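Throughout, read-outs are computed from the coordinates displayed, never taken from laboratory work. Remember, predicted model here, so these are calculated numbers, not experimental data. Please note: Cβ atoms are built from the backbone with ideal geometry, for glycine as well, and neighbour counts cover all protein chains shown.
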Amino acid sequence: MALSPRKENILATVVRNYIRSGEPVGSKSLCEELGGVSSATIRNEMSELDSLGYLAQPHTSAGRIPTDRAFRLYIDRLMKPHRLTEKEERLLDSLLPPPDNDSERTLRRTAKALADVAHCAAFYTEEAGSGIRIHKVELIPMSSRTALLVLVTSDGDVHSRMFHFQAPLTPALIERFLSLVDTKLIGLSVSDVQPALLQTLVAGAGESALPLTPLIAALADRIEETCESRIELVGQSNLLLCGEFSPMRVREILDLFLRREEVLTMLEVWHREIGVLLGGDTAYPALASTALAMARYRLPDHRTGYVGLLGPCRMDYSVILPTLRYVTGVLNTGSGALKKGHTV
């Protein structure tokens, strides 16, 4: 059922007041703010909004608070986004990290700055293998059938594991393996190293194909382990300052984020460039009355993911979403500040 313009205006005002105060909103305060609408009319409209599932009344004599359905309508249609002023942009520039070749450090410092600005928890994700390339591969024999396989990626991480092989590792076989890797795999994104590519490598190895197969399979295992999406949460202590969350609720939220694969799976189905995922729309009770405001980034080194804020449903989205747009714009340009007039 579509809401009338008056109902939408009343609902938007209720949401804005609740975001500002955190207290139930009564018809008297709305009458003073809206003007030209009687208190009786506002009460009737609020009662209808209540029956439609947009408002809830925590106590009989209290005012009303917006439901998740109201927040969703407000975010998607009724909210008037705030336009960041130059002063606000300069403040963000002063808090964001300077240009840095270490993408991991940049993302973490950016999330910390967001947490400090919004007084919420912040997080960032990194999609599997995004921007990470194969820099070097070494195979160090430890015995005739055992070797240490070392994979160095472009982000500076070193991944190593001991492998035991059924057939002897001859110097000629090791040299052939490393030569093949240097020619065909060095410089490739780890996300591009798919089974079909590896099968092509083995097939093109001629008479060395059979003895090379275990070595290629071992390397594939190491590469696969680097292709895992990540999520990091910072500023968790800010959640304790939110009146909506008891220490027990905060613990439930943090426990959920420790189960990173579950959270990442939840976020994988969210394909928007920027927006808000309301906790009530998820399958996790720990996220009830919470919201995740997120924006997608694409770093110059091709890493991709989201940066976002986790807090109560009554976050000020009209400011938070433009802030996330600006911050991801800074990340995407790889500079410490956006040039005046740059559109994000």
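Remarks
- Residues L197 and D281, FRET efficiency given R0 of 56 Å [Cβ-Cβ distance, rounded to 0.05]: 0.90
- The local environment of I274, defined by Cβ-Cβ distances under 10 Å, has a net charge of +2 under the rule Lys, Arg +1 and Asp, Glu -1.
- Nearest-20 debye value, the stretch 1-155 charge dipole, Cβ charges on Lys, Arg, Asp, Glu: 200 debye
- Positive dipole terminus of the chain, leading residue within L178, A62, P247 (C-beta point charges): A62
- Simple Cβ-charge dipole of the stretch 158-255, Lys/Arg +1 and Asp/Glu -1, about Cα centre, in debye nearest 20: 120 debye
- Shown here are the Rg and Dmax of the Cα trace of the stretch 134-226, at 12.3, 35 Å.
- Shape category assigned to the stretch 5-78 from the gyration tensor of Cα positions, a/c cut at 1.5: rounded
- Shape of the stretch 20-119, Cα gyration tensor, a/c cut at 1.5: prolate
- As a proxy for reagent exposure, I75, I140, I253 were ordered by neighbouring Cβ count within 10 angstrom, fewest first; the result is I140, I75, I253.
- Unsatisfied cross-links (Cα-Cα over 22 Å) in the set K87/K112; K80/K112; K28/K80: K80/K112; K28/K80
- Charges were assigned to the Cβ only: +1 to each Lys and Arg, -1 to each Asp and Glu. The resulting dipole of the chain about its Cα centre is roughly 800 debye.
- Unit charges at the beta carbon, dipole of the chain: most positive-side option, V330, M294, V14: V14
- Computed per residue of the chain from DSSP H runs no shorter than four, each worth -39500 (n - 2.57), the mean residue ellipticity at 222 nm is -13500 deg cm²/dmol.
- Charge dipole (the chain, unit charges on Cβ, about Cα centre) - positive-most of A128, S160, S4: S4
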